[in-house]
Every structure is written in C-alpha cells, then in structure tokens.
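Before any comments, here is the structure.
The values are calculated or read from the model by the stated rules, or taken from the named source; none is laboratory data. It should be emphasised that the depicted structure is a prediction, and the values quoted were computed from it without experimental measurement. Here the Cβ positions follow ideal geometry from the backbone for every residue, glycine too, while neighbour counts run over all protein chains shown. Note: accessible area is taken over every heavy atom of the protein model, side chains too, but ligands, DNA and RNA are not part of it. Shrake-Rupley method; radii C 1.70, N 1.55, O 1.52, S 1.80 Å.
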Amino acid sequence: MAKAKTQFICQNCGTVHSRWAGKCDGCGEWNTIVEEDPMGGIGSGPGKAPKKGRPVTLTSLSGEIEEAPRIPTGMGELDRATGGGFVRGSAVLIGGDPGIGKSTLLMQAAAALARRGHRVIYVSGEEAVAQVRLRAQRLGAADTDVLLAAETNVEDILATISEGKRPDLVIIDSIQTLWSDTADSAPGTVTQVRTGVQAMIRFAKQTGATMVLVGHVTKEGQIAGPRVVEHMVDAVLYFEGDRGHHYRILRTVKNRFGPTDEIGVFEMSDKGLREVANPSELFLGERNEKAPGAAVFAGMEGTRPVLVEVQALVAATSLGTPRRAVVGWDSSRLAMILAVLEAHCGVRLGQHDVYLNVAGGYRISEPAADMAIASALVSSLAGIALPADCVYFGEVSLSGAVRPVAHTAQRLKEAEKLGFSAAVLPAASPDLPKGSAGKWREVDSLPDLVARIAGSRLKAPTGQEDG
Ligand code: TYD
Ligand code: MG
C-alpha cells in the first residue's frame, strides 16, 4: 500500500509546506506548522462508509427573538462600547498595548459589578495578589467582594471558577500567560493561547458566565497569537491611547450583540480611569485660536459627534525630498489631499515639508475630515488663522469636488452646543437644519474653499468676502 502523504499546514496563515519547520515562510510566525492528513475528511476513499447525517429542522428568518441578557456595569462609557453591558455567556476580548490601562479598567468594572451584587472573579496571571490588591486600593475598590486569584494554569483556573456558585463575570488577565497541560508548547505560543481561550469560551457557553479576556497587542498591532483569538470570541474591544496623553479610547471592532462603531472615552488619573461623557471638550481643551494651521473637525464616532482640532504645519523644506509626517490620520489620505490641492487649486507644496497632527493623540478614521485637513493646510501655508468659531467637515474627491457626508444635523448641533456659530460644509448636504442660528457656508469644491480662505486676506478675484 502506498504510504499516506501528509501535509504541513501553518495554522496562522494556511501556507502548505512539504516538511515541518519551526518558522512559517508565509507569515513568519513560529510554532504554527501542524501536520495534517490531506486525504482525511469527506470522500477520503475506501475504508469506513461515511456516517449518515441527521437532518436538522430548517426554519424561517422571522420568528421570536430573545433579547440577549446583559449585565450593565453602570460605567456609562464601558456599557456604551459593549452595546449596553456584558452579555451573559459571551466571551469578550480586550486588547491593547502593555501599560495602557486594561487591568485598571477591568478592576474598576469588576468592582462596579460586585457592588451591584454580582459574583465576579478576577484571575491575574501577570501580577501577584499583593500587586492586584494595591491597585484595587488605589482605585477605591478594595472594599468590594471581587474574588481574586493569581493563577495561569488553565485546568486549575477552570476547577476554581467551576466551584461554588456560578460566577457572573470572570476576568482572565491575560491570555498570553495561560498555559494548559494538554498542549505541549511554551506559554504565550499560538497553540497555548488558543487552547486556553477555547477552554474559557467553553466554560462561558456552558455556564452562562461572561468571560472577559485580556490580550496584549504586539508591535504590529495584532493580538498575539496572531488573530487566532479574535474570531473565536463574541466581541473584540481595543483599549487605545497615547501614553503621553491622559485619555484612553475603548473601541469596539467586533460585536456579535451590538454595534461596532461606538467608542468609550476615559481619562487616566491617579485614582484610575474617569469617564469622559463629552469627548469634544477634551479634544478642544488646549486650543490656540489665533494660530494659523488649526481647524476644528466636526466628526462622528458611531452615534456620537466628536469635535477635534487638526493642526497642520507647512514649512519651506531644506531637504531634496520634502517630509510628510502624520499623527492621528491616514498618511495616504494626506498624500491624496496634497495632490488635489496641487492639481486643482494651484497650491504648490512640492518645496514644503508638511506636518499634520490630530490634537490630543486622537485618531480620525473618517474621510469626512478631508475638508478640515485641507483648510488647516491652506491656513498654515498662507499664514492666515481660520475663524475661531468655525467647524469643518466634508469629503474631498480626486476631482476636487466636495461631497456631502452623513449626520450633518448632528455634527452641527454638537458644534452649536460647544459655542461654534459657523461651519464650512459641502453644498447640497442632505439634512441641513433649516432656520438655525448658525452661519453655514456651503462649498462645492476644494478650489472654492481655498479661494475663500485666501480671500479673507488676499482678496483673490474668486474669493468671497464672507469668512
Ligand atoms: P495597567 O492597568 O496596569 O495597564 P495594562 O494592564 O494595560 O498593562 O495600567 C498601566 C498604567 O496606568 C500604569 O503605568 C500606571 C497607570 N495608572 C494610573 O495612572 N492611575 C491609576 O490609578 C492606576 C491604577 C494606574
Ligand atoms: Mg495588566
């Protein structure tokens, strides 16, 4: 009989190798290659007759829906990000850079839930009991009934949390420290992390406890092991922020039970994380209204409007190739705006370095920021400060046209609430509020916008003196 041929498949990227190796050529991961039998499975030739399947009842899309039972923490920003509280029996992954505040956030959430009478178990694999207690004291959580364990072995953890009354919430800090007797690779490897997480998820599904898993993000921005966990859990939240700044954003990237575009905003203080219900005030905090190169962008984060200042510095270069540096925005999007400014507006930036910064370490992902960025760039180049009471939003296309964006009314309402009386926005914005006190200046193209900014001092022929 011919020898059965086996394949070696990388469990991370799926690359097939002819022989085993420690490192996958495809993705560069270590210890991810596993021997598999390609002839296994359906139609694998002679041998056992395939097992006859049992038909399941097909059903329709309409019918009774059960609302997922949730346990709200009472921390508004955390509940907003999870979609109204932790869902019972679900597994939630919280990722983030080391030191960003994941353990702090979860200790505060644990304390809040314990105060509401829930049974919460906090399993720390990274810190000793004394360290966790110290943090709890600092957070004013030491008097709550959170149950604490310092343990990393999966079987021991399962035995512990299965004992006694079913917990409502179990926190595992972190998945990188989990190790199981059943997998024989080192802690922190893909196999160990996956085995550990699988066991925790099974416990959540079986008992109805909510499992919160902490995962450290590697340099490349992935949760190690490389995305093996993200698809297994019900929700993935990233805790992000700039270590140099005080506030942190909890961003939902996957949620089987709620929206994925919500953010929760917190500020790190010496007594832990403080909720920030109105992020705009935070991002506009240190504004210098008279400086050229600053524009306020009226953005949206999920259902919530956020006002944030974008700052540009355009300066003559001393280098052969001018520099373009961006913090908080997409650099290829900046390149696009610069190209449109050059091609359609006659703005020459080839001899200038361009620096762009979004205030306070915030990250903008909306294309609606195009207009604000373009305004800041032109303002800096021309040395003309933009009006301090004006916000900007709108998407710019490659042809130089300005396109309307969604949620016009909400953006304007937030701007008015924070004392902005004017807005530069795309012409033909669909839901422009009528009869409002604000001065809404509609522009239909980027050349129009540039002319208006320049016109406020240079009186260009096309400029309209209304800014
Ligand atoms: P931590 O929650 O341990 O981060 P992670 O679990 O994501 O690795 O918090 C890290 C930082 O937060 C640490 O450098 C100290 C700071 N911190 C405060 O500023 N105030 C506080 O009340 C606490 C508990 C931590
Ligand atoms: Mg930690």
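Key figures
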read-out	value
From the options Arg115, Arg166, residue that is away from ligand 2 (no atom under 16 Å from the Cβ) and at pLDDT 95 or above	Arg115
Only listed residue being in the same structural domain as Ala291 (by TED's automatic domain parsing) and in contact with a His (Cβ under 8 Å, 6 or more places away or on another chain), chosen from Ser399, Ser380	Ser399
Residue that is most open to solvent (accessible area, probe 1.4 Å) [pool: residues in the stretch 140-163 that are more than 16 Å from ligand 1 (Cβ to nearest atom) and of a type in the set (Val, Ile, Thr)]	Thr160
Test set (1) under 30 Å from Gln137 (Cα atoms); (2) more than 16 Å from ligand 2 (Cβ to nearest atom) - Leu237 fails condition number	(2)
The one condition in (1) part of a loop (DSSP other than H, G, I, E, B); (2) open to solvent by 60 Å² or more (accessible area, probe 1.4 Å); (3) of a type outside the set (D, E, K, R) that Gln137 fails to fulfil	(1)
Subset of the stretch 127-140 [within 12 Å of ligand 2 (Cβ to nearest atom) and out of contact with any strand residue (DSSP E or B) (no Cβ under 6 Å at 6 or more places or on another chain)]	Glu127, Gln131, Arg135
Residue match in the stretch 334-342 (condition: under 25 Å from Val265 (Cβ atoms) and open to solvent by 20 Å² or more (accessible area, probe 1.4 Å))	no
Residues of the stretch 395-408 classified as under 25 Å from the mean Cα position of the chain (by Cα) and surrounded by fewer than 16 Cβ atoms within 10 Å (Cβ to Cβ), total	1
Residue within the stretch 298-307 that is modelled with pLDDT of 90 or more, farther than 29 Å from Ser380 by Cβ, within 18 Å of the chain's Cα centre (by Cα) and part of a strand (DSSP E or B) present	no
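A quick yes/no check of all residues on (1) in contact with a Lys or Arg (Cβ under 9 Å, 6 or more places away or on another chain); (2) open to solvent by less than 50 Å² (accessible area, probe 1.4 Å):
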position: Lys165; (1), (2): yes, no
position: Ala186; (1), (2): no, no
position: Thr195; (1), (2): no, yes
position: Ala199; (1), (2): no, yes
position: Ala235; (1), (2): yes, yes
position: Gly241; (1), (2): yes, yes
position: Lys254; (1), (2): no, yes
position: Gly272; (1), (2): yes, yes
